[in-house]
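> Below are the structure tokens for one structure; questions will follow.
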Amino acid sequence: MNMRLDPAEVGVPAPTQPRTLIDTGLSGVMLRDVLLKTIFRKSVETAREISEAICLTTGLTQQLIDQARDAGLLQATGTMHAGSSGEMGFQLTDAGKSRAADALAQSEYYGPMPVPLERYKEQVRAQSVKNIRITRERLMKSMGHLILPEGLVDQLGPAVGSGRSVLLYGPPGNGKSSIAEGIRAALGDNIWIPHAIEYAGQVITLYDPIVHTRVAQAADPSELRKANNRVDQRYLLCQRPTVMTGGELSLEMLDLNYNAVARTYQASLQLKSSGGVFIVDDLGRQAEPPQKIINRWIVPMEMGYDILALQSGEKFEVPFDTLVVFSTNFHPNKIFDVAALRRIFFKVLIDGPTQAEFLKIFALVAKKKKFELDEASLVHLLKNKYPEIDNIYANFHGVFLIDQMIAACNFESIPYRMTPELVDRAWANLFVEEAEIVH
């Protein structure tokens, strides 16, 4: 059963349930073919089963069934289904099977009826990431588990609240990825994601369970029925999406993914992230130069739309409503030209912690992991070890060193207590000394 929460609990306007077949925005041919392909592939028989499979109301589904019967494509099985409240069953006729096979030869897509692209654009505007009001309290709550440098929230707040692109840069190991995740958590509310969208007779699958997390469903059947009568069942209520990519990102991932065997389209990564966050981690580690990746997004970031292309070569506009967060270990001036930097609206330096901040992180990690600290050992770490690297601290050092010492304690069967010897053993794994390997 397609379950929905009460729209009043969602926070963004819910897409309205179509009352007529014309209200779906789809052509009669599209409605008929998806119906026949779904019955053929999923072996659903009753109007209720078919309704749940194609995500239309039972009333609209029955109208499609009646039309298909009048055209000689469906027939009643003549039997009532005891498990379906005595509903009549339906099956494809030979002509219906032939039409379903022809439709599948054009596209293997079946299941939920798609939402026309123009209707989806309206929903994107209604639930735009730019409509979110991010307060200091909200941002701090989403990043409460992080030790942040003084003044960082002052910079991040306006960046996140604007819904514009953000570049986080600085030395590795200082929490840029964690901060990017905190930004996603700060967005908070839920939005409506269609199973698929339709353009020029082509269906593009949009919902991706890897990207989109469905919201917990209500349990009261009567409330579910009321909600389903108000909300377009072709949509799913989900948390605002997060797409996170790293060195594997390529420009091809930013285009429609066409499956030549099934003749179906999958939405591009940035289209899947509509209403949420697209995090490009480790910028500069991709096969494509950073400048080329930024150039691909210049028009979308400035104009609020992206241009995609079908296999036929026809190009069309889709909404670009996503907060893009770039994260890199390189200085921006080394990987971008002036024009590209101008188009990235906010640039935020994420630097390493001071000694005082490092000690605070170290103490918090030790407390969480129940690892006993020792003053003499801490002095050894600060006075003897860190001078070897010019007293440059990183946020990841505390977790790394304590995990290393705990692993050694487990191996030696000794209590979790910091000693200078354990510090030396942990430090040896923090860096690799330069040396030529002789083969």
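> When the residues of segment 390-420 are filtered to those that are open to solvent by 40 Å² or more (accessible area, probe 1.4 Å) and β-branched (V, I, T), which remaining residue is nearest to the chain's Cα centre (by Cα)?
V399
> Quick one: what pairs do we get from segment 136-158, first residue of a type in the set (S, T, Y), second open to solvent by 40 Å² or more (accessible area, probe 1.4 Å) and part of a helix (DSSP H, G or I), C-beta under 6 Å, 6+ apart or different chains?
Partner pairs satisfying both residue conditions: S142/A185.
> A further question on this structure: Taking interchain pairs and intrachain pairs at least six residues apart, which have beta carbon atoms under 8 angstrom, with the first residue in segment 364-376 and closer than 16 Å to D424 by Cα and touching a residue at least 40 places away in the same chain (Cβ under 8 Å) and the second outside any helix (DSSP H, G or I) and hydroxyl-bearing (S, T, Y)?
D374/T419
> Hey, another quick one. State the number of residues belonging to segment 333-360 that are open to solvent by less than 50 Å² (accessible area, probe 1.4 Å) and modelled with pLDDT of 90 or more.
1
> Shifting gears a bit: Give me the pairs: first residue in segment 87-113 and on the phi > 0 side of the Ramachandran plot, second residue open to solvent by 30 Å² or more (accessible area, probe 1.4 Å) and assigned to a helix (DSSP H, G or I), beta-carbon distance under 9 Å, and six or more apart or on different chains, which are they?
Going by the 9 Å Cβ cut-off, the qualifying pairs are G111/R41; G111/K42.
> Looking only at segment 247-290, count how many residues are part of a loop (DSSP other than H, G, I, E, B) and open to solvent by less than 10 Å² (accessible area, probe 1.4 Å).
8
> Restricting attention to segment 101-118, does a residue exist that is within 19 Å of D189 (Cα to Cα), in a helix (DSSP H, G or I) and either modelled with pLDDT of 90 or more or open to solvent by 20 Å² or more (accessible area, probe 1.4 Å) (or both)?
no
> Inside segment 289-324, can you point out the residues that are polar (S, T, N, Q) and free of Cβ contacts under 8 Å to residues at least 24 places away in the same chain?
Result: S312, single match.
> Kindly indicate the residue of segment 190-201 that is in a loop (DSSP other than H, G, I, E, B) and either of a type in the set (A, V, I, L, M) or out of contact with any strand residue (DSSP E or B) (no Cβ under 8 Å at 6 or more places or on another chain) (or both) and also least open to solvent (accessible area, probe 1.4 Å) among those meeting that condition.
G201
> Would you tally the residues in segment 142-185 being surrounded by fewer than 21 Cβ atoms within 10 Å (Cβ to Cβ) and within 22 Å of D208 (Cα to Cα)?
2
> Taking segment 312-362 on its own, how many of its residues are in contact with a Phe, Trp or Tyr (Cβ under 6 Å, 6 or more places away or on another chain) and either part of a helix (DSSP H, G or I) or within 13 Å of V280 (Cβ to Cβ) (or both)?
5
> If I go through segment 19-46 residue by residue, how many of them are over 17 Å from S98 (Cα atoms), crowded, with 20+ Cβ neighbours inside 10 Å and in contact with a Gly (Cβ under 9 Å, 6 or more places away or on another chain)?
1
> Does segment 365-388 contain any residue that is exposed (fewer than 15 other Cβ atoms within 10 Å of the Cβ), part of a helix (DSSP H, G or I) and among the acidic types (D, E)?
yes
> If you don't mind, another one. In segment 47-70, which residues are open to solvent by less than 70 Å² (accessible area, probe 1.4 Å) and closer than 14 Å to R99 by Cα?
A68, the sole residue that qualifies.
> When you scan segment 304-311, do you find a residue that is modelled with pLDDT under 90 and closer than 14 Å to L254 by Cα, even just one?
No - not one qualifying residue is present in segment 304-311.
> Every residue in segment 76-94 that is acidic (D, E), at pLDDT below 85 and either farther than 17 Å from D66 by Cα or in a helix (DSSP H, G or I) (or both), please.
none
> Here are some residues: K130, K121. Which one is closer than 21 Å to A267 by Cβ and out of contact with any strand residue (DSSP E or B) (no Cβ under 7 Å at 6 or more places or on another chain)?
K130
The values are calculated or read from the model by the stated rules, or taken from the named source; none is laboratory data. The structure displayed is predicted, hence computed values, not measured ones. Because the Cβ atoms are built from the backbone with ideal geometry, glycine has one as well, and the counts that use them run over all protein chains shown. To get the accessible areas, we keep the full protein, side chains included, count just its heavy atoms, and leave off ligands, DNA and RNA. Shrake-Rupley method; radii C 1.70, N 1.55, O 1.52, S 1.80 Å.
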